[in-house]
Amino acid sequence: ERNLAAWLGGAGADAVDRVFVGTARLDSEEIVAFTRALAAVARGELAPADGGPARTFSLRRLVDVVLHNSGRVRLAWSRVWACASECLVEATSHDDDAVAVAAADGLRAVAAWVLSTNSGALSTNSISAEALKPFAAALRARRRDRGHQERGHRERGRVAVAEALGAALASLSFDDAGGRGNGGIFLALGVGGWRAALDVLDAASDVDDGSGRVAIAALRGLGPAVVACIQKIPESPERAVLAVAQFAYPRGTNEEKTGAGIVEPAPLAGPSSAEYAELVELACVTLRDVAVDAGGALAVGESPPDESPPGESPPADSFDRDRTLGTWRSALRALAEIAAGDTLTLTPSADGFKPYPRPPAPEPALNAIFSALDAFSDASAVVQLPADAWRVAADVAVRPVIDMDRRRIRLLESTKTSAVGAMRTAVEWSSARASRSLAPLCGIISRLGAGPRRDALLETLLEALPAMAGTSDQELAAHAVSAARHAAASLASTFASSDEGTEDEQSSGGKTGDAELFWDGVVATFASAVASASEKTNRHKTRDETSGGAVAALLAVRAAAETLARTSPSRTPVAFRVKTLNLLRDAYHDASAVGAQHGDDRLARLECTAGELLLDALIGELDDVRRGASARKSDKTLQKSSLERDLAGMLRQHVRESLRAAVAVAVPCATSHRTRGDESGSSRDDRSSSPSAGEGRAKDGSKSDDAAALDDDVAPGPHDAPGGVARRMGSLDDGGAGWLERAARTRAAASFREPLAAAAIRALRDLASVDVDLFATCLKECVSFACALVSVGRDPVARELSELFAGPIADVVVPFVASKNIVGRETDGAAVGAADGADGAADGDDGAAD
């Protein structure tokens with residue numbers, strides 16, 4: 001044996017090689033017989049009778065025989081390969097990893113040679129299919145141990161098989177000419193090889209190895225081939241997309257029964273494992289590349305030949321637009337279903353919407369969707385993705401991952417979930433995806449610029465935002481409000497481009513009715529968030545839900561006010577600005593009404609913030625309207641005057657209400673009297689101020705029982721009715737704890753409203769420089785409340801009062817009265833009150849300084 005080994009290592013090696021090389025001279029029957037005999041010897045070496053280690057000499061020589069006889073006719077070679085591949089597939093299941101790796105390397109060598117020489121792209125029964133079929137068989141193969149107990153073969157062997165096929169494909173050309181032209185991997189695979197490659201992907205996704213390494217290796221090796229060939233092979237693109245997408249839903253041989261009684265294949269690895277996360281990421285990246293490649297082909301196909309981007313050739317005459325658009329749609333739909341956690345519906349047997357029992361993490365799919373869309377978001381690019389492709393993306397990719405209301409309805413229709421359960425599930429589902437979807441979507445919309453491409457995404461976004469903004473989930477509502485603010489900024493940035501249109505078109509938001517609908521969608525989102533803090537939207541809301549909605553409402557009013565402040569009237573429709581002002585007013589009224597009932601600090605903060613923002617917005621709008629009046633044409637004068645009157649009336653009312661509410665809380669006794677000529681107390685809007693405004697006195701001047709009931713939170717005073725005092729004293733039965741808590745809440749409400757009162761006084765002072773007549777009217781209505789607030793005696797109220805009485809009243813009112821020659825009891829009363837208030841304000845300001 002030593003002599004034989006020495007001979008084989010020297011001169012004998014060439015002699016042995018000549019034996020296998022000479023098999024090419026055998027006829028068709030002889031070579032088949034020789035191959036079968038060699039395969040039998042190889043099986044014996046892999047399982048020696050003496051129990052010794054396995055040998056792979058004959059197994060390797062079997063591969064040499066197949067390659068040496070590659071010049072034979074197709075039928076003869078196929079018979080030789082059938083005998084050899086059967087032995088190689090069995091060897092990949094061997095217990096010895098070295099044997100499995102050697103067998104996989106033999107499969108790789110044959111496949112690489114076949115693919116490098118094949119050129120029958122349209123053949124469905126090509127030689128490349130025969131070369132790739134053993135890979136699928138090896139991945140599905142099983143072995144039996146000595147007790148004939150079936151079990152999965154070793155992981156290392158299957159990984160080696162998957163890596164071997166990837167190496168064989170990697171040896172081919174994946175350049176642009178090979179991927180889309182008339183050569184390279186497209187012709188190497190052909191239709192038959194394409195089908196065999198997809199069968200390998202199916203087999204790899206079904207492997208139950210417990211780690212996902214086999215699936216990762218297979219997808220990493222075959223993914224580039226799928227991207228390069230999916231648009232050229234005359235087969236349905238849905239089949240290839242499904243073969244890739246199913247890796248995000250790893251399936252094994254085990255089955256588990258869900259709580260709903262639905263039997264689903266169990267994932268081969270848990271959602272928390274690193275391998276599973278890598279597999280989902282790889283599947284999503286492959287689908288993204290498919291979508292980007294299809295979108296690029298659509299963009300180039302729609303552009304004239306002389307406008308093709310550098311490095312891109314014009315589309316060939318065989319460019320199939322419908323097929324390419326179908327590839328774009330299929331890839332994006334698969335990503336959307338992965339992101340939404342739904343069962344894939346690309347197969348013809350799919351029975352519609354069905355949530356997956358254990359869905360994958362949505363982040364990789366969401367990143368892939370918006371990365372694919374962002375690749376075509378540059379409005380200055382030479383070629384652009386067609387508008388219908390953007391509409392397809394909005395329908396199949398964007399809407400399924402952001403539309404919470406659509407999700408809720410589908411859950412109600414397809415599952416046995418109750419309405420409350422469906423809403424809760426939809427909110428949780430949307431909250432898990434909002435941060436990864438809304439921000440990149442807004443970025444894409446802002447980069448697209450005006451046009452039908454942006455409108456397709458903008459319409460989908462604004463349809464979904466109101467439902468998200470009105471939920472009790474504060475984080476979800478915040479994302480929705482922020483997205484609406486960005487949408488408004490995008491609309492405003494392109495609103496000026498309609499200057500060449502008519503003024504009627506400009507005032508409605510653009511040249512088409514769609515722009516007006518988009519602006520209405522922004523307002524609807526803000527309004528939905530504001531309504532979440534109001535009990536009018538749901539009578540069954542708990543106190544915690546109502547106060548929790550105050551956070552979303554606070555964000556909405558800030559976003560609405562910021563939108564008004566950052567956009568000039570020339571860049572936004574008049575109707576939008578009016579609706580936004582009304583929204584701020586409604587937020588103030590609803591918060592004051594609900595806050596008076598619940599006494600929650602967040603509602604009080606919402607009331608004061610909305611009130612301050614409304615004051616600032618009204619002052620700014622009124623100033624803009626007056627400054628822009630001269631630029632209007634004569635036929636617009638009446639309309640502008642009407643808008644100015646509306647703004648002035650709203651500002652007067654809000655200043656009066658803000659001061660009245662602050663006085664009612666800070667100085668309750670101050671609302672028990674009216675100055676002469678103050679008619680504001682007799683004509684108030686039902687929604688004008690907080691219920692704590694001190695109304696409801698009996699005819700004799702004492703408080704009625706209902707009004708006294710509203711004042712239970714404050715200490716008894718000299719002007720209280722006996723019934724109210726008795727009720728307060730009766731509340732001391734609990735040791736005074738409840739009364740003390742209510743009193744503390746009242747003091748907090750007063751401190752919250754002081755900044756609002758200061759803002760109202762500041763707005764009143766600013767009116768002097770905007771409209772002297774309006775300032776005098778407001779002063780007449782509000783001077784009594786301003787004087788009553790002197791008793792607060794601390795900043796910011798004292799400072800604003802001092803500036804009001806020392807500034808506009810002294811500089812404007814006296815000259816105004818003198819110029820108008822106004823003499824009467826009402827003016828005398830206002831002047832006396834202003835003089836008294838000036839003295840008190842000075843004293844209060846000195847006290848605050850001290």
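The values are calculated or read from the model by the stated rules, or taken from the named source; none is laboratory data. Owing to the predicted nature of the structure, the values given are computational and were not obtained by experimental measurement. Methodologically, a virtual Cβ is constructed for each residue, glycine included, from the backbone with ideal geometry; neighbour enumeration extends over all protein chains shown. Only protein heavy atoms, including side chains, enter the accessible area calculation; ligands, DNA and RNA are left aside. Shrake-Rupley method; radii C 1.70, N 1.55, O 1.52, S 1.80 Å.
Do you know which residues across region 455-470 are open to solvent by 10 Å² or more (accessible area, probe 1.4 Å) and touching a Ser or Thr at 6+ places or on another chain (Cβ under 8 Å)?
Leu462, Pro466, Ala467, Gly470 - these are the residues of region 455-470 that are open to solvent by 10 Å² or more (accessible area, probe 1.4 Å) and touching a Ser or Thr at 6+ places or on another chain (Cβ under 8 Å).
All but one of (1) modelled with pLDDT under 90; (2) part of a helix (DSSP H, G or I); (3) not hydrophobic (A, V, I, L, M, F, W, C) hold for Arg485; which doesn't?
(1)
With Glu800, Glu826 as the choices, which residue is in a helix (DSSP H, G or I) and modelled with pLDDT of 75 or more?
Residue meeting the stated conditions: Glu800.
Inside region 23-135, counting only helices (runs of 4 or more DSSP H) that do not spill past its ends, which hold 3 or more residues that are closer than 26 Å to Leu189 by Cα and open to solvent by 30 Å² or more (accessible area, probe 1.4 Å)?
57-68, 74-91, 97-117
Quick check: is even one residue across region 493-504 at pLDDT 85 or above and open to solvent by 20 Å² or more (accessible area, probe 1.4 Å)?
Checked against the condition, which is being at pLDDT 85 or above and open to solvent by 20 Å² or more (accessible area, probe 1.4 Å), region 493-504 yields no hits at all.
List pairs: first residue in region 749-767 and of a type in the set (Ser, Thr, Tyr), second residue modelled with pLDDT of 80 or more and surrounded by fewer than 24 Cβ atoms within 10 Å (Cβ to Cβ) anywhere in the structure, Cβ distance under 8 angstrom, at least six positions apart or on different chains.
Taking only residues 6 or more apart or on different chains, not a single pair turns up.
May I ask you to list the residues in region 393-414 that are open to solvent by less than 10 Å² (accessible area, probe 1.4 Å) and farther than 18 Å from Leu476 by Cβ?
Those that are open to solvent by less than 10 Å² (accessible area, probe 1.4 Å) and farther than 18 Å from Leu476 by Cβ: Ala393, Ala394, Ala397.
If you scan region 594-619, which residues turn out to be modelled with pLDDT under 80, surrounded by 21 or more Cβ atoms within 10 Å (Cβ to Cβ) and under 14 Å from Ser658 (Cα atoms)?
Ala604, Leu606, Glu607 - these are the residues of region 594-619 that are modelled with pLDDT under 80, surrounded by 21 or more Cβ atoms within 10 Å (Cβ to Cβ) and under 14 Å from Ser658 (Cα atoms).
Which is buried (at least 21 other Cβ atoms within 10 Å of the Cβ), of a type outside the set (Lys, Arg) and under 17 Å from the mean Cα position of the chain (by Cα), of Ala361, Ala439, Ala432, Ala368?
It is Ala368.
Output the qualifying pairs, or none if there are none: Cβ atoms under 7 angstrom, residues six or more apart or on different chains, first residue in region 5-22 and closer than 22 Å to Val66 by Cβ and surrounded by 11 or more Cβ atoms within 10 Å (Cβ to Cβ), second residue at pLDDT 70 or above and of a type in the set (Lys, Arg).
Filtered contacts from region 5-22: Phe20/Arg61.
Which residues, taken from region 397-412, are over 15 Å from Glu463 (Cα atoms) and either assigned to a loop (DSSP other than H, G, I, E, B) or touching a residue at least 12 places away in the same chain (Cβ under 8 Å) (or both)?
Matches in region 397-412: Arg410, Leu411.
Residue pairs, Cβ under 7 Å, 6 or more apart or interchain, first in region 423-451 and closer than 17 Å to Arg410 by Cα, second of a type in the set (Val, Ile, Thr). List them.
Close Cβ pairs satisfying both conditions: Thr425/Thr417; Val427/Thr471.
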